[in-house]
Amino acid sequence: MFQTNPQLPAIVFQGRKMRKLFIIAIILFPPVVYANVVWPALYLEIRLFSWWAIGLGLLVEFFYVKWLFALSVKRSAIADLSANAASSIAGILLIPLAGIAWEFFPASIYQQAFDWGTFNPVTWVATFILGCFINAVIEGAVYKKWFAPHFRYKSREFLWLLVANAISVGAAYISFLIVPLKA
């Protein structure tokens, strides 16, 4: 199953059982170690799944889809629900992963320079932009594939999709003012 390259040094875990245990440990160990670590993207993800953020996002994007793609009311509603379902499902993983990637670089550089922690204004703004962008890219793929084949990412349509997503992500951010985070 595993073959070694004669030009590379031997791997410490030579046996098949040891390799399997090592892989299992790598998969299971990080969630245990980082179970109490949070970053802004995790908080945003939770707020994006609140009923009013979903409702506002669907309403705003419905009008966006209807106006920009000139679809019927029924087809606009189906396109809106489909795109938002796809971005919600994919966003469950992608938004927190983008947030943690941000924490490694570039956040680690400016946080060290300014002696800031994870919850700083730059990271919150970056999380907002990443959330909007990830949702817009996924939704754009759905629109392009099934509802608007002419959709292009380098276009006015994509910019409007970013604006529509900024409203729904912005609603999640406003919720932090209404219902603050609890320590």
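Accessible-area rank, largest first, for 75, 47, 16: 16, 75, 47, with all protein chains present and a 1.4 angstrom probe. In the context of the full set of protein chains, residues of region 82-183 present 57 Å² of accessible surface per residue (probe radius 1.4 Å, heavy atoms only). Of the solvent-accessible surface of region 41-173, computed with a 1.4 Å probe over protein heavy atoms with every protein chain present, carbon and sulfur atoms account for 77 percent. Where does the Debye-calculated log10 I(q)/I(0) of region 84-138 sit at q = 0.14, 0.23, 0.26, 0.30 Å⁻¹, using only Cα point scatterers of equal weight, no solvent? Normalising to I(0) and taking log10 leaves -0.39, -0.82, -0.96, -1.15.
At full extension, residue 144 and residue 176 could sit 8.2 nm farther apart than now, given 0.36 nm per residue minus the alpha carbon distance.
Using the alpha-carbon positions of region 60-183, Rg (one decimal) and Dmax (whole number) come out as 16.4, 53 Å.
The values are calculated or read from the model by the stated rules, or taken from the named source; none is laboratory data. Because the structure is predicted, anything quoted here is derived from the model rather than measured. Areas reflect the complete protein model, heavy atoms only, side chains present, ligands, DNA and RNA absent. Shrake-Rupley method; radii C 1.70, N 1.55, O 1.52, S 1.80 Å.
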